[in-house]
1. Might you report the magnitude of the Cβ-based charge dipole of the range A:26-209 about its Cα centre, with Lys and Arg at +1 and Asp and Glu at -1, to the nearest 20 debye?
2. Tell me whether the range A:1-100 comes out rounded, prolate or oblate; compute the Cα gyration tensor, take square roots of the eigenvalues as a ≥ b ≥ c, and use a/c under 1.5 as the rounded threshold.
3. From the mean inverse distance of alpha carbon pairs (Kirkwood) and the Cα radius of gyration, derive Rg over Rh for the range A:26-209.
4. Could you please state how large a percent of the accessible area of the range A:78-159 is carbon and sulfur, counting protein chains only and using a 1.4 Å probe?
5. Counting only protein chains, not ligands or nucleic acids, how are A:His67, A:His165 ordered by accessible area (probe 1.4 Å), most first?
6. When the C-alpha atoms of the range B:2-83 are aligned to their principal axes, what extent does each axis show, in angstrom, from largest down?
7. Could you check the spin-label model distance between A:Leu150 and B:Arg135? Points 7 Å from the Cα along Cα→Cβ, value in nm.
8. What's the extension gain from B:Asp172 to B:Arg78 if we count 0.36 nm per residue and subtract their Cα-Cα distance?
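The values are calculated or read from the model by the stated rules, or taken from the named source; none is laboratory data. Owing to the predicted nature of the structure, the values given are computational and were not obtained by experimental measurement. Backbone-built Cβ (ideal geometry, glycine too); neighbour counts: all protein chains shown. The area values use the complete protein model at the heavy-atom level, side chains included, leaving out ligands, DNA and RNA. Shrake-Rupley method; radii C 1.70, N 1.55, O 1.52, S 1.80 Å.
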Amino acid sequence: MTPFVDALLNPDFPFLRHALIAGLLSSVAFGVCGSYVVSKRISYIAGAIAHCVLGGIGVALWLRGAHGVEAWWCAPMSGAILAALIAALLIGWVSLKAKQREDTVIGALWAIGMAVGLLFLARTPGYVDPMSYLFGNILMITRSDLWLILALDVVIAAGGLLFYHNLLAICFDEEYARLRGISVERHYLGLLCLTALTVVLLVSVVGIVLVVALLTLPAAVAGHYARKLWQMMLLAVVLCAIFISGGLWASYAADLQSGPLIIIIAGAVYLVSTGVQALRE
Amino acid sequence: MMNVSRDIVEFRNVSFSYDGKPALEDVNLTIPANEFGAIVGPNGGGKTTLLRLMLGLLKPDRGELLLFGQTPAQARMRVGYVPQHLQYDPQFPVTALDVTLMGRLRPRRFGGYTAADLEAARGALERMNLSSLERRAFSALSGGERQRALIARALACEPELLLLDEPAANVDPRAEEQLYAILRELNTRMAILMVSHDIGIVSKLMRSVICCNKKVVVHPTSELTGDAIRDIYAGDVRMVRHDHRCAEEGHTHDAVR
């Protein structure tokens, strides 16, 4: 453990420090949003949004590389945010308007987003490694990324907590929330947009392919022990922070990629916790 | 005090169809403020449709439906609703009190519930004999307790009309008996309409039976007979007599109030 702590404190290794700060910051968003996603059972929507993010990143990098557009709106992160929000609103619109074909549309968006991203990346001059987006590289996070992560974090946590009671009611019993005069559609779309922003954060921590795992596993473990949604959120935030820190440490100690290690730790804890739950019953 | 003669629900020539298939035709119906009625009829006869129209979840194709002189959507805050079964995730992290508080939701509000909301929710739980369980996870409640929690949620907004969808369908007989005792007591303060299968219970407890098979006909329970029930279910039905209040001589549908 000590070499890891030394490396964290070493001024010549800012990337490890940035990675840990990014992980701890975004744990708040992951725990809050993940608890909604797990209790509303929309993790497959998060998966589709994640894969659409590659489309946004691909287009943004292509605009930069092939056309020299340097504006802030075509930074990879902006492309990711835009693509995620568009995907979320599209899926939300389809699921509100045409219930029966929802899964087909989600599956289609999932694949199309990815395909668009790969094609644009292929046309982008210079070599862009899709692997770092697919499996994440938290060590690439820079100081300026941290500010963006903080901003997203604040938006997600504020949105998730400000509308806590309404969102809780909608996740639990949509029809009753509607009968109490709550605009279910608007809240549902809002929840999907929060999920989209969370997915963008997750992509920078663990990468597109592993998004769903880090969004749902901490919340699912927390769900084993929480009796209230806010308890689930709090516990999920703590667990998420532990998984990410643990993954970073293991990655440093074993010289392996951090994304997969974070997920392995989260998955292992989930399996053990599920086993304990089963034994208790 | 409640004005007994006032009608709180008015259906005027209401029709409703699902994708062209008529579910209810030309419904004329009034519900007085002290009503304790059961909505009965065969499966697919439109019982739930009738309920969902009153809740404003469906809109009539034709005709007019008023609750408290307003549209159902406008009157929502004065109506309590207890669904038949909740499609809920058994791991969903809510307590009995959380669920009850949802009855106090209002449009356009973020932030928490007020002290008044909490007091009303606790009061509703107490009326349902659930005070000691308010911190228990909703999923850890028994079937009967869970249903009482859902009734508490409906009561938390202090409704003037309580609608229940097959409240006896998923509870054991003891809980069912308890339920009817509670409803009878609540009826002193509000109108109650429930969808029901059990005509025996209906005729013992209720003031009237709303028979629903595309057409809607109201029978005061004092006039309920085998003929009427055969009419409703459009076939042979064996009726077990629970009650001497069933008239011997039968009746016609002209006897609608």
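1. 220 debye
2. oblate
3. Radius of gyration over Kirkwood radius for the range A:26-209 works out to 0.99.
4. 73 percent
5. Largest accessible area first, the residues go A:His67, A:His165.
6. If we take the Cα atoms of the range B:2-83, the spans are 39, 24, 23 Å.
7. 3.8 nm
8. Fully extending the segment from B:Asp172 to B:Arg78 adds 30.9 nm.
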